[in-house]
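Below is one structure, written out as structure tokens, with a few remarks after it.
Just so it is clear, none of the values below were taken in a lab; they were calculated from the coordinates. Everything quoted here is computed from the prediction, not taken from an experiment. Cβ atoms come from the backbone with ideal geometry, glycine included; neighbour counts cover every protein chain shown.
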Amino acid sequence: MHNRSFSDYGMLLLKGVAMGIANKIPGVSGGIVAVVTGFYKELIFSFQRLNFKAVYLLFRGRFRTFWQYINGAFLGTLLLGVILSYFTLSLLLDVALTAFPHHVWAVFFGLVLASAMLLYRDYNAWKIKTIAFALIGLAVGIGLSILSPSQQNSSLIYVFLCGVVSIVGMTLPGLSGSFLLILLGNYTFLLVDAVNGFGRWIVSPFLTTQLDAQDTHYALIFGVFMVGSLVGISSLSALIHRIQQKANDELQATLIGFVFGSLFILWPTNRVEDFGVSLSGQSILWTVFWGVIGLLIVFVLDYYERKK
């Protein structure tokens with residue numbers, strides 16, 4: 001935990017916005033944002049504090065001790081940024097994906113490629129064993145990219161499990177929670193429809209329009225999804241911490257391989273087919289341009305973090 005100034009919390013809020021956007025991008029891990037911008041260790045530490053002891057302190061009414069125990073100022077600011085991105089900037093992302101799909105996916109590709117390069121650069125434990133784990137991660141990443149997604153499922157139990165699984169993207173750098181939701185068939189249902197429906201449900205008391213029953217249903221779905229995410233945060237962060245203590249080199253090598261493998265998912269000429277867009281020669285040049293923009297965004301963030 002750190003003593004932060006007001007400007008530090010402002011920067012942390014922006015990092016939360018970046019993490020929220022990353023969590024909504026298939027193939028991009030919010031955990032990568034945490035690694036690149038330098039708060040991953042504190043994030044995992046704070047997630048681990050969301051345990052039975054925290055629940056005990058909360059129900060005993062020891063709110064100040066509870067807040068300090070879970071590193072509440074850090075988690076609260078970060079979560080606020082994530083929420084802001086979900087209900088504001090992520091809406092712009094939805095529009096951009098419809099209007100300029102190949103450009104947006106090129107930026108996504110550049111972001112992930114740069115992240116993979118940084119993970120590789122910072123890793124110095126290569127040997128036969130870790131190379132083998134990296135190849136396994138690479139094979140898994142490529143294999144997942146060619147799987148056919150499941151069908152949408154609005155069952156509350158299934159939605160809860162989706163929440164548990166999707167949080168992997170925040171706790172494990174390189175593994176995209178939103179991409180896992182695509183494989184589970186609930187990406188659009190949970191991260192677009194449910195988020196927007198929940199937003200309308202929240203603001204409906206302040207509007208003159210009548211509350212839509214569909215939005216009430218979406219609010220329930222989103223709530224169950226968030227509960228699943230909280231369970232995933234508590235359980236997976238503890239598991240990841242144990243793995244890091246016993247086999248961190250192997251874990252990092254696997255993640256590096258997986259991130260490079262996941263690039264096949266994001267290659268723009270593959271993704272634009274989903275939107276019925278064909279690429280001309282000029283479009284290819286623009287695609288390369290926006291891919292470079294994605295690269296530069298991550299490199300600039302990394303430079304800023306190393307300069308601090």
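Worth a mention:
- Applying 1/(1 + (r/R0)^6) with R0 = 30 Å to the Cβ-Cβ distance of D94 and F264 gives a FRET efficiency near 0.80.
- Derived scalar couplings between HN and Hα for region 195-205 equal 4, 5, x, 5, x, 5, 5, 5, 8, 4, x Hz in order, rounded to whole Hz, by the Karplus curve 6.51 cos²θ - 1.76 cosθ + 1.60 (θ = phi - 60°), x for Gly and Pro.
- Largest GNM mean-square fluctuation among I182, I297, I83, using the chain with Cα springs under 10 Å: I297.
- Secondary-structure-derived ellipticity at 222 nm for the chain, considering helices only, amounts to -24000 deg cm²/dmol, per-run term -39500 (n - 2.57) for DSSP H runs with n ≥ 4.
- For the listed residue pairs K15/K127; K53/K246; K24/K129, the alpha carbons are over 28 angstrom apart in K15/K127; K24/K129.
- Theoretical FRET efficiency, 1/(1+(r/R0)^6), r = Cβ-Cβ of L239 and V300, R0 35 Å, to 0.05: 0.60
- Backbone phi angles across region 293-298, fed through the Karplus curve with coefficients 6.51, -1.76 and 1.60 (θ = phi - 60°), yield HN-Hα couplings of 4, x, 4, 5, 4, 5 Hz in residue order; Gly and Pro are listed as x.
- Gain on full stretching of the segment that runs from Q68 to W126 - 0.36 nm per residue minus C-alpha separation: 17.0 nm
- For the pair region 54-127 and region 150-193, the centres of their Cα atoms are 15 angstrom apart.
- Mean sequence separation of contacting Cα pairs (under 8 Å, at least six apart), scaled by the length of the chain, corresponds to a relative contact order of 32 percent.
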